[in-house]
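Student: One structure coming up, written as structure tokens, with questions to follow.
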Amino acid sequence: MILVVAEQRDGILNRATWETVAAAQQLADGSADRSIAIAILGSNTATAAKELAAAGAKDVQAVIVVDHAALELYTPDGYVAVLESLVADLKPSRVLLPHTYQTRDFAPMLAARLGRALVTDVMRMKTAGGDTVFVRPMFQGKLTADVSPQGPTPHLVTFQIGAFRGDQVTKGASPTPVRAMTVTLDAAAIREKPEPPFREARQAVDLSQAERIVAVGRGIKGQEHLPVAEKLAAALDAELAASRPICDAGWLPMERQVGSSGQTVAPKLYLALGISGAIQHLVGMKGARTIVAINKDPDAPMFEVADYGIVGDLFEIVPAMVSELTKT
Amino acid sequence: MKIAVCIKQVPARDWQPRPNDSKTWIVDRDAGFEMNEPDAYALEEALRLKEKHGGEVVVCSAGPARVAQVIREALARGADRAIHVEDDGLASADAFVVADALASVMKDENFDVVLTGLQSDDQGFGQTGVVLAERLGRPHATIVMEVQVVERTLRVKRELEGGWFQWVAMPLPAVLTIQSGINQLRYATLKGIMAAKKKEIRKAPAPAGLMMRQKIVSLSVPEKTKKTRIITGSPAEAAKELVRLLREDARVI
Amino acid sequence: MPEALEVDVLIVGGGPAGLSAALRMAQLGKATGGRPLAIAVLEKAREAGAHMLSGAVLDPSSLRDLVPDYEAKGAPVSTPVGEDRVYVLTPSGKIRFPITPPPLKNHGHYIISLNRFVKWLAGLVEAEGVDLFTGFPGGELLMEGDAVVGVRTGPHGINKKGEHKATFEPGVEIRAKVTILADGVRGNLTKVLQGRLGLGAGRQPQLFAIGIKELWSVPPDRLAAGTVIHTMGYPLGFEQFGGGFIYAMPGGDISLGFVVGLDYKDPMFDPHDAFNRFKMHPFVRRLLDGGQLVRYGAKALPEGGWSTIPRCYADGALIVGDAAGFMNSMRLKGIHLAMRSGMLAAETAYEAVRDGDTSAARLQQFEQRVNDGPIKRELYPVRNVHQAFGHGLLAGLAYAGFALLTGGWWPRPMKSIPGHQRMEKLAAMPNRVTDASKPDRKITFDKVTNVHFSGTRHDEDQPSHLLVQTDVCHSICTEEYGNPCQRFCPANVYEMVMDAAASRLQINASNCVHCKTCDIMDPYQVITWVTPEGGGGPRYDGM
């Protein structure tokens, strides 16, 4: 059995959970024991559990709900205690988790407690001769490694956000049964006392957290043309960023600079306007999931890393995009 | 307050590593090395805690002899002494082995706070600090953006995704992994460099029988897996098609 | 309260010259007993060796005297030169020199990585109790009258606007009885001192070249380890002088580079482009095909020889190594002379401090030691190689092989003029060819990509360390020379960009690989290279 650990906050399921289910299905496919269980922990998990069950995802035998007042807010001690006993009960062959900030907080502790291998930040899997190796970045993405977890099972694996697609989970007709599991959890034994999460208006620009980025390069020609890019950023709910020459010239502040001497970013969408793609820039953004290049020069190296490219004048294309995006 | 900070020496950020012939590790003979960036922030935070609350800062590092370079740098910035678990195998070891090696020399020191970077710029497991906490039997918090100490309680601000944060309190002793950018790094001073020479660096062997929990089967330079789709047509047509693709194909907007 | 420090001897620059001086002085202290001298070395690189760039073939004669048991001490000199070859390249072929000209014979020498060698030397120096301050540039000289009394290190933590950041650390005054300037080719402090005291009076002006080098990893069977190849000819014509080098190390590591005299006439000439053409020559290309670029770098070298070495002593100061010009361009070697000059300066400074007399008159003994020892023995006989060319091709031909390599030995009148003065105005060169080669991004690269492989990093938020009087750029320089800074800089620091209607000089100071070419070659001499924040610059690991 493969155990997927779902993630929720305030009863709302984190979408990355579906990506992990997709990964689990891929792993289950072709193995003798195809069964998958999804565990969800919290104190108000009914809605999220229902959502998980409703999909009736292929091979998922059960949605296991661990509801406990002490799990209202996430704590590593609480989560590890519950998952440790779940693993003891279910004896899964693998425990899969999304590589979220929350998982990063407790998964290594769970692995250490269980004495089991943990492979983090996995981008894809390869199976060869019955052995599965997990492909993950190393050296900040400059290399990729095929990694084989060692030692007794269950092996723990966390998947990079966006590496699998949640919408590719194979669904079934009938909902998955939901099973409540009671655990004994001593609230007093939880050493961490969390306060409710809060949103903070960031003082500084934090491009590393941005989901979408519109970046401008020399092709923007002058500071007076920046509004062209700003309008597109607004229409896409994106942050504005730039290559070094733009910040060097003082057209945008330095904290908006992407590249080896600026920020390293990994947004879902990186739209490069008039950026040729010097290697110094590419190392700062090639981890983006979808890259778009708009440039006059068809030989610009940016096109080599782009998923979509338009060879042309950004001053014509960008306003057309804005009007397309704002069309209702 | 007795503060430990665990630092790792990693290849310089701008260097492009190459896999070795067996593709199980990198050719590092031409590599330059430097302090893992998040660890540098952890060190700075440790020094600030010491300035506020008194005590000492002890640098702990696990790695081959060359690690002495970053240990000296940390001492020059103001750490008081250092412990170096020295073993060539630690350069490519996994997080469990490194955490066990560190724990072996840290157990008896009874540190109040252990700080380290949230992950390393080389293998990037993001596990060592947390595994170390478990080995030392301490609570922990990761991706920490602010640290407050009130008597024997630690209150830290953790970064969550998407602009969310959370304060978490826990009793001392504890282990924290520090996010880059939490503070501004100080520069080493001439006096600091001179003082560092007189500071103690204790060397210890790695404990016997440590087991790697993951094996690198093959290391490679990432190949471009995607094919660039060039969109043609008039600017208006191309813009329209691009927006459609971003919505329906890439699903990023 | 800013830090202040007092030492007996301060050495500025932790290269072969500076470190040899430090080591020799520590050895003398140990041998003679008594109070050990307080010795400090300032090095602007973040780590010892990080700014070191050379071919490099090492003549171990000075090393043997400085560290007799260098092999036992693990000196990284493991590749003895096995075979010397000299080729004349034509656009598509090559002609091998039937014999290797004697000055280019390298039997008994080693192919080394100067970066690794200097790192090793730094270890020995530190083990002797010398304070090696890496990440601290010599910002300015402390002077009392004509006497050098120390150096102020460059400050840390100043932003682009010149304001102090929260982490600001002021420069430190280090006062010393003797300051040894080992700040390398066109050293910023040496330049100031030489100007101020007129140390070049009665000597020829220094002549320079630029060397551009890459480290490659290629299949190991391409070239036997220990092979040393020098080339001349293509891609340079008669107008310019220089040549290529290819040194093979074990495991398929290849060091290759191209040296061009910084006295070329054509303002449109680009040394980096010449380097790329050299690499695209079928002979070189075959070596590199399928290999990988590991590292890139560039550095100027002093090629003028004996007659251009300035007075190397002043009250409280000595000048050694490339800063003084101790380099034998006939043999393409300077490391052993840099080391030797450092050792001799150390002996002079040691005795001067011991006897409490560090005046210029006393420190003149350094010159004596240079004159009486192996440095003069090596450099003096080749001081007139100019003349060999001046007196006709036949005489020059004997030296042609190596002279062409270096660019230093151009048939010019005995009185050499600085290279930048030889640059012709565009108007005087109506028939020049302007087809810059296009990098293929496999064997050849553009400058920006190359800079990435130099590992260069500077804190972006600091004032530019290239002081340029930009008023000439847009007007007369554009017209007269077409802004040659854009071309002679091998790191894309200088760019003329069009803003709206006007052009503007953009200085990408954080690209700077500290080669000093701009300070040397600018035709108006309006570029001054000063030290950036300590720790900034290239990372020449393995170079």
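Student: Evaluate the range B:80-96: report whether one residue or more is within 14 Å of chain C (Cβ to nearest Cβ), touching a strand residue (DSSP E or B) at 6+ places or on another chain (Cβ under 7 Å), surrounded by fewer than 23 Cβ atoms within 10 Å (Cβ to Cβ) and farther than 22 Å from C:GLY537 by Cβ.
Tutor: Looking through the range B:80-96, none of the residues is within 14 Å of chain C (Cβ to nearest Cβ), touching a strand residue (DSSP E or B) at 6+ places or on another chain (Cβ under 7 Å), surrounded by fewer than 23 Cβ atoms within 10 Å (Cβ to Cβ) and farther than 22 Å from C:GLY537 by Cβ.
Student: Sticking with this structure for a sec: Can you find, within the range A:14-36, the residue that is modelled with the lowest pLDDT among those that are out of contact with any helix residue (DSSP H, G or I) (no Cβ under 9 Å at 6 or more places or on another chain) and hydrophobic (A, V, I, L, M, F, W, C)?
Tutor: Looking at the filtered set, the residue picked out is A:ALA32.
Student: Separate question: Is it true that some residue in the range C:466-480 is within 10 Å of chain A (Cβ to nearest Cβ), at pLDDT 85 or above and part of a loop (DSSP other than H, G, I, E, B)?
Tutor: Checked against the condition, which is being within 10 Å of chain A (Cβ to nearest Cβ), at pLDDT 85 or above and part of a loop (DSSP other than H, G, I, E, B), the range C:466-480 yields no hits at all.
Student: May I pose another question? Residue check, B:VAL221 against (1) more than 9 Å from chain A (Cβ to nearest Cβ); (2) under 23 Å from A:ASP121 (Cα atoms), all met but one. Which one?
Tutor: For B:VAL221, the failing item is (1).
Student: Which one of these is farther than 30 Å from A:GLU239 by Cβ, assigned to a strand (DSSP E or B) and among the hydrophobic types (A, V, I, L, M, F, W, C): B:VAL168, B:VAL149?
Tutor: Exactly one of B:VAL168, B:VAL149 is farther than 30 Å from A:GLU239 by Cβ, assigned to a strand (DSSP E or B) and among the hydrophobic types (A, V, I, L, M, F, W, C), namely B:VAL149.
Student: Hey, among the residues in the range B:221-253 that are touching a residue at least 12 places away in the same chain (Cβ under 8 Å) and in contact with an Asp or Glu (Cβ under 8 Å, 6 or more places away or on another chain), which one's farthest from A:VAL157 (Cα to Cα)?
Tutor: Only one residue fits best here, namely B:ILE231.
Student: Under the condition of being of a type outside the set (Gly, Ala, Ser) and assigned to a loop (DSSP other than H, G, I, E, B), which residue from the range B:171-182 is surrounded by the fewest Cβ atoms within 10 Å (Cβ to Cβ)?
Tutor: The extreme case among them is B:LEU172.
Student: Then there's this: So, in the range C:426-452, exactly how many residues are in a helix (DSSP H, G or I), away from chain A (no Cβ under 14 Å) and at pLDDT 95 or above?
Tutor: So the answer is 0.
Student: List the number of the failed condition for A:VAL283; all other conditions in (1) closer than 15 Å to A:VAL214 by Cα; (2) within 9 Å of another protein chain (Cβ to nearest Cβ) hold.
Tutor: (1)
Student: Can I ask one more? In the range A:173-203, what residues are assigned to a loop (DSSP other than H, G, I, E, B) and small (Gly, Ala, Ser)?
Tutor: Across the range A:173-203, the qualifying residues are A:ALA173, A:SER174, A:ALA201.
Student: Let me ask something else about it. Quickly run through the range A:197-241 and pick out the residues that are under 30 Å from B:ARG155 (Cβ atoms), surrounded by 14 or more Cβ atoms within 10 Å (Cβ to Cβ) and of a type in the set (A, V, I, L, M, F, W, C).
Tutor: If the condition is that a residue be under 30 Å from B:ARG155 (Cβ atoms), surrounded by 14 or more Cβ atoms within 10 Å (Cβ to Cβ) and of a type in the set (A, V, I, L, M, F, W, C), then A:VAL205, A:LEU207, A:ALA210 are the ones that fit.
Student: Only residues that are outside any loop (DSSP other than H, G, I, E, B) and within 14 Å of chain A (Cβ to nearest Cβ): list them for the range B:183-218, please.
Tutor: The answer is B:GLN214, B:LYS215, B:ILE216, B:VAL217, B:SER218.
Student: So which of A:GLN61, A:GLN8, A:GLN102 is surrounded by 22 or more Cβ atoms within 10 Å (Cβ to Cβ) and either in contact with a Pro (Cβ under 8 Å, 6 or more places away or on another chain) or touching a residue at least 40 places away in the same chain (Cβ under 8 Å) (or both)?
Tutor: Result of the check over A:GLN61, A:GLN8, A:GLN102: A:GLN102.
Student: For C:ALA166, are the conditions met, namely being over 22 Å from C:PRO103 (Cβ atoms), in a strand (DSSP E or B) and without any contact (Cβ under 8 Å) to a residue 12 or more places away in the chain?
Tutor: In short, yes.
Student: Give just the number: which of (1) farther than 30 Å from B:ILE71 by Cα; (2) more than 7 Å from every other protein chain (Cβ to nearest Cβ); (3) among the charged types (D, E, K, R); (4) loosely packed, with under 15 Cβ neighbours inside 10 Å does B:GLU241 not satisfy?
Tutor: (4)
Student: On to the next question. Got a sec? Which of C:LEU5, C:LEU28, C:LEU37, C:LEU23 is more than 25 Å from the chain's Cα centre (by Cα), among the hydrophobic types (A, V, I, L, M, F, W, C), part of a helix (DSSP H, G or I) and over 22 Å from C:ILE111 (Cβ atoms)?
Tutor: When all the criteria are applied, what remains is C:LEU28.
Student: Next up: Name every residue in the range A:291-321 that is in contact with a strand residue (DSSP E or B) (Cβ under 6 Å, 6 or more places away or on another chain), farther than 19 Å from C:ASP446 by Cβ and either assigned to a strand (DSSP E or B) or more than 8 Å from chain B (Cβ to nearest Cβ) (or both), in order of residue number.
Tutor: If the condition is that a residue be in contact with a strand residue (DSSP E or B) (Cβ under 6 Å, 6 or more places away or on another chain), farther than 19 Å from C:ASP446 by Cβ and either assigned to a strand (DSSP E or B) or more than 8 Å from chain B (Cβ to nearest Cβ) (or both), then A:ILE291, A:VAL292, A:ILE294, A:TYR308, A:GLY309, A:ILE310, A:LEU314 are the ones that fit.
Student: Let me ask another. Output the helices (runs of 4 or more DSSP H) that fall wholly within the range C:301-368 and possess 2 or more residues being surrounded by 23 or more Cβ atoms within 10 Å (Cβ to Cβ), or say none.
Tutor: Qualifying helices (runs of 4 or more DSSP H): C:321-324, C:335-355.
Student: Being in contact with a Gly (Cβ under 8 Å, 6 or more places away or on another chain), farther than 30 Å from C:ALA352 by Cβ, part of a loop (DSSP other than H, G, I, E, B) and more than 12 Å from every other protein chain (Cβ to nearest Cβ), is that true of even one residue in the range C:196-213?
Tutor: Within the range C:196-213 (the criterion being in contact with a Gly (Cβ under 8 Å, 6 or more places away or on another chain), farther than 30 Å from C:ALA352 by Cβ, part of a loop (DSSP other than H, G, I, E, B) and more than 12 Å from every other protein chain (Cβ to nearest Cβ)), the answer is yes, since at least one residue qualifies.
Student: Can you report the number of residues in the range C:481-497 which are among the β-branched types (Val, Ile, Thr) and at pLDDT below 95?
Tutor: 1
Student: Can you tell me which condition B:ASP39 does not meet? The list is (1) in contact with a Cys (Cβ under 9 Å, 6 or more places away or on another chain); (2) outside any helix (DSSP H, G or I); (3) within 30 Å of A:GLN280 (Cβ to Cβ), and all the others hold.
Tutor: For B:ASP39, the exception is condition (2).
Student: Filter the range A:248-270 down to residues that are part of a helix (DSSP H, G or I) and more than 8 Å from every other protein chain (Cβ to nearest Cβ), then give me how many there are.
Tutor: Final tally of qualifying residues: 2.
Student: Among the residues of the range A:204-242, write down those that are within 12 Å of chain B (Cβ to nearest Cβ) and assigned to a loop (DSSP other than H, G, I, E, B).
Tutor: Of everything in the range A:204-242, those that are within 12 Å of chain B (Cβ to nearest Cβ) and assigned to a loop (DSSP other than H, G, I, E, B) turn out to be A:ALA204, A:VAL205, A:ASP206, A:ALA210, A:GLU211, A:ASP237, A:ALA238.
Student: Is it the case, given these coordinates, that C:ARG383 is over 19 Å from C:ARG64 (Cα atoms) and either surrounded by fewer than 22 Cβ atoms within 10 Å (Cβ to Cβ) or aromatic (Phe, Trp, Tyr) (or both)?
Tutor: yes
Student: Then there is this: Looking at A:THR127, A:THR144 in this structure, which one is assigned to a strand (DSSP E or B), within 8 Å of chain B (Cβ to nearest Cβ) and among the β-branched types (Val, Ile, Thr)?
Tutor: Exactly one of A:THR127, A:THR144 is assigned to a strand (DSSP E or B), within 8 Å of chain B (Cβ to nearest Cβ) and among the β-branched types (Val, Ile, Thr), namely A:THR144.
Student: So, in the range B:123-146, how many residues would count as being in a loop (DSSP other than H, G, I, E, B), more than 7 Å from every other protein chain (Cβ to nearest Cβ) and buried (at least 17 other Cβ atoms within 10 Å of the Cβ)?
Tutor: Residues in the range B:123-146 being in a loop (DSSP other than H, G, I, E, B), more than 7 Å from every other protein chain (Cβ to nearest Cβ) and buried (at least 17 other Cβ atoms within 10 Å of the Cβ): 1 in total.
Student: Does C:GLY157 satisfy the condition of being in contact with a Ser or Thr (Cβ under 6 Å, 6 or more places away or on another chain), over 27 Å from C:ASP315 (Cα atoms) and either within 14 Å of chain B (Cβ to nearest Cβ) or surrounded by fewer than 19 Cβ atoms within 10 Å (Cβ to Cβ) (or both)?
Tutor: yes
The values are calculated or read from the model by the stated rules, or taken from the named source; none is laboratory data. Computed from a predicted structure; not experimentally measured. We place every Cβ from the backbone using ideal geometry, glycine too, and count neighbours over all the protein chains shown.
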